[in-house]
1. Relative to the longest principal axis of the chain, what angle (0 to 90°, nearest 10) does the C-alpha long axis of helix 3-17 take?
2. For the chain, take the longest principal axis of its alpha carbons; what is the angle in degrees between that and the long axis of helix 77-91, to the nearest 10 within 0 to 90?
3. Can you list, bin by bin at 5 Å, the percent of alpha carbon pairs in the chain, starting at 0?
4. Under a 1.4 Å probe, what is the accessible area of the chain per residue, stated in Å²?
5. Between residue 162 and residue 53, take the C-beta separation as r, use R0 = 30 Å, and let me know the FRET efficiency to the nearest 0.05.
6. So what's the angle, to the nearest 10 degrees on a 0 to 90 scale, between helix 145-166 and the longest Cα principal axis of the chain?
7. Stretch residue 106-residue 137 to full length: gain in nm at 0.36 nm per residue minus the Cα-Cα span?
8. What percentage of the solvent-accessible surface of the chain, computed with a 1.4 Å probe over protein heavy atoms, is contributed by carbon and sulfur atoms?
Amino acid sequence: MSGETATARALELLADRGQTVAAAESLTGGLVAAELTEAPGASATVRGSVTAYATAVKHEVLGVDGALLEERGAVDAEVARQMAAGVRRVLGADWGVATTGVAGPEPQDGQPVGTVYVAVAGPGDPATGRDAHAVALRLDLDGGRKEIRDESVRAAIRLLLSELMQNAPTKDTEHSGGNGCLQP
């Protein structure tokens, strides 16, 4: 599925549910937000974004655990999950998407160029008792800065779409009669 199609589909699912999304970005520097807001009608579902390029911003604005950042650095799956959860909270969105990684040209936090984590945090489901959750995906990408950043955006949008599809609200399968109650 192309990036544009995945983005349009994700925004359509959000709009159908009356839900919103926000982005927390490090290595992509606003490219996820740009992709999300490129689609017509995005204002109905996109709350905004935080470009947390500096490690301190991840902690101070998004609430990523300082000890985690100190121990593992900014390029880590749990950091990405906490960024996604943090942007949901800070911007009041139902869904959060996050990117953190190394676009190059030099390694960072002991991680080689091309190491990227994308994450999505979503709401719980009161019907099933499921709490809010966050998932992260590690990418090992090749190419220069532009290619790594562009593929990170595509992967983040695909992960958002996947989570939206997996966490679709259940549909009522009962059919009601003309007076609003089940007919024998």
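The values are calculated or read from the model by the stated rules, or taken from the named source; none is laboratory data. Keep in mind that this is a model prediction, so the values were computed, not measured. Methodologically, a virtual Cβ is constructed for each residue, glycine included, from the backbone with ideal geometry; neighbour enumeration extends over all protein chains shown. SASA here: full protein model, heavy atoms, side chains in, ligands and nucleic acids out. Shrake-Rupley method; radii C 1.70, N 1.55, O 1.52, S 1.80 Å.
1. 40 degrees
2. Compared with the principal axis, the helix lies near 60 degrees.
3. Spelled out per bin, shortest first, that is 1, 9, 17, 21, 18, 13, 8, 4, 3, 2, 2, 1, 1, 0, 0.
4. 51 Å²
5. 0.70
6. Its long axis makes an angle of about 20 degrees.
7. Full extension of this stretch gives 9.0 nm more.
8. So the carbon and sulfur contribution to the accessible surface is 49 percent.
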